[in-house]
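See below for the structure under consideration.
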Amino acid sequence: MNRFKLFCLPYAGGSAMNYSSWRIRMPPWVEVIPIEMAGRGIRLADPFYKSLTGDGTDDLVRQIAEHLDETPFAIFGHSMGALFAYEASLRIFSVTNRSPAHVFLSGCKAPHLRDNKNVHLMPDKEFQEHILQLGGTSPDIFENKDLSMMFLPILRADYRLVETYESAMREKLDCDITVLYGAQDRYSRHEAEEWKHYTKRKCHVNEFQGNHFFIHTDVGQVVELICHQIDDHRWAR
């Protein structure tokens with residue numbers, strides 16, 4: 001059996017637990033490896049990253065490198081995780097001399113089209129309203145004082161990383177990429193297709209019927225798409 005490793009990077013406010021069900025949904029030849037970011041989950045005591053391209057990407061590349069062997073691998077990232085997936089995929093070759101066979105960029109428009117917003121600086125009430133409008137977050141979290149005190153700093157830190165991230169389209173990935181977006185999200189297919197400028201290879205764009213968190217509502221279709229794409233790579237070795 002030709003095996004394949006799939007590294008999964010979470011969205012803002014998310015953790016490795018967001019991908020726990022994928023291990024059950026994926027076929028046995030796919031090893032799902034959720035990567036935990038600092039300041040959440042089992043790493044709740046670790047300080048938040050200072051920058052996405054600096055210590056953030058350094059930490060994720062280090063974690064991914066610990067799992068690498070001769071098995072081919074892909075990287076999946078949703079929303080903030082998509083930006084990390086792009087940056088980590090660029091950097092990992094210089095560290096390990098290995099490159100991903102495929103990169104999945106989900107729930108995120110091409111970096112050069114991002115809005116210049118400072119959501120992370122909003123007052124608590126406005127910030128919470130913004131998060132709830134995206135869907136995927138229960139209002140109960142903000143109504144519970146203890147949960148809110150734990151969750152809000154994580155969200156603000158993640159939004160700061162995204163909103164201070166700068167991409168000059170300086171390098172292109174040397175692998176196929178698949179872009180996933182929700183038809184009811186806040187950006188268009190054209191903005192998703194602009195990821196084509198970030199790879200030397202093929203760029204596949206797939207639409208799902210959902211909002212920003214279609215990876216939960218359409219999880220079966222998302223997993224099916226990933227399996228279809230990486231299956232070609234494992235037999236091409």
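Go through region 71-86 and give me each residue that's over 14 Å from E36 (Cα atoms) and either within 8 Å of the chain's Cα centre (by Cα) or buried (at least 24 other Cβ atoms within 10 Å of the Cβ) (or both). Quick ask: steps written out before the conclusion?
The first filter runs over region 71-86 and keeps only residues over 14 Å from E36 (Cα atoms), leaving 71-74, 79, 82-83, 86.
Across region 71-86, the qualifying residues are A74, S79, A82, L83, Y86.
Only one residue in V179, V223 is touching an Asp or Glu at 6+ places or on another chain (Cβ under 8 Å) and among the aliphatic types (A, V, I, L, M). Which one?
Values: V223 fails: touching an Asp or Glu at 6+ places or on another chain (Cβ under 8 Å).
Unique residue meeting the criteria: V179.
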Only one of R43, R62 is under 21 Å from T137 (Cβ atoms), at pLDDT 95 or above and of a type outside the set (S, T, N, Q); which?
R43
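Taking region 88-100, which residues are touching a helix residue (DSSP H, G or I) at 6+ places or on another chain (Cβ under 8 Å) and surrounded by 24 or more Cβ atoms within 10 Å (Cβ to Cβ)? Walk me through how you get there before you give the answer.
Quick first cut of region 88-100, residues touching a helix residue (DSSP H, G or I) at 6+ places or on another chain (Cβ under 8 Å) only: 88, 91-92, 95-96, 98-100.
Within region 88-100, A88, P100 qualify.
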Under 7 Å between Cβ atoms, at least 6 apart or on separate chains: pull out the pairs that start in region 59-80 with a residue that is over 14 Å from L173 (Cβ atoms) and end on any residue that is surrounded by fewer than 15 Cβ atoms within 10 Å (Cβ to Cβ).
V61/V95; A65/V95; A65/T96; L68/T96; T71/R3; P72/R237
List every residue pair whose Cβ atoms lie under 8 Å apart, where the two residues are 6 or more positions apart in sequence or sit on different chains, the first residue falls within region 215-232 and is in contact (Cβ under 8 Å) with a residue 24 or more places away in the chain, and the second residue, located anywhere, is among the hydroxyl-bearing types (S, T, Y) and open to solvent by less than 20 Å² (accessible area, probe 1.4 Å).
I215/S106; V222/S106; L225/T178; I226/T178; Q229/T178
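The values are calculated or read from the model by the stated rules, or taken from the named source; none is laboratory data. Because the structure is a prediction, the values reported are computed rather than measured. Positions of Cβ are generated from backbone atoms using ideal geometry, with glycine treated the same way; all protein chains shown enter the neighbour counts. Ligands, DNA and RNA are excluded from the accessible area calculation, which covers all protein heavy atoms including side chains. Shrake-Rupley method; radii C 1.70, N 1.55, O 1.52, S 1.80 Å.
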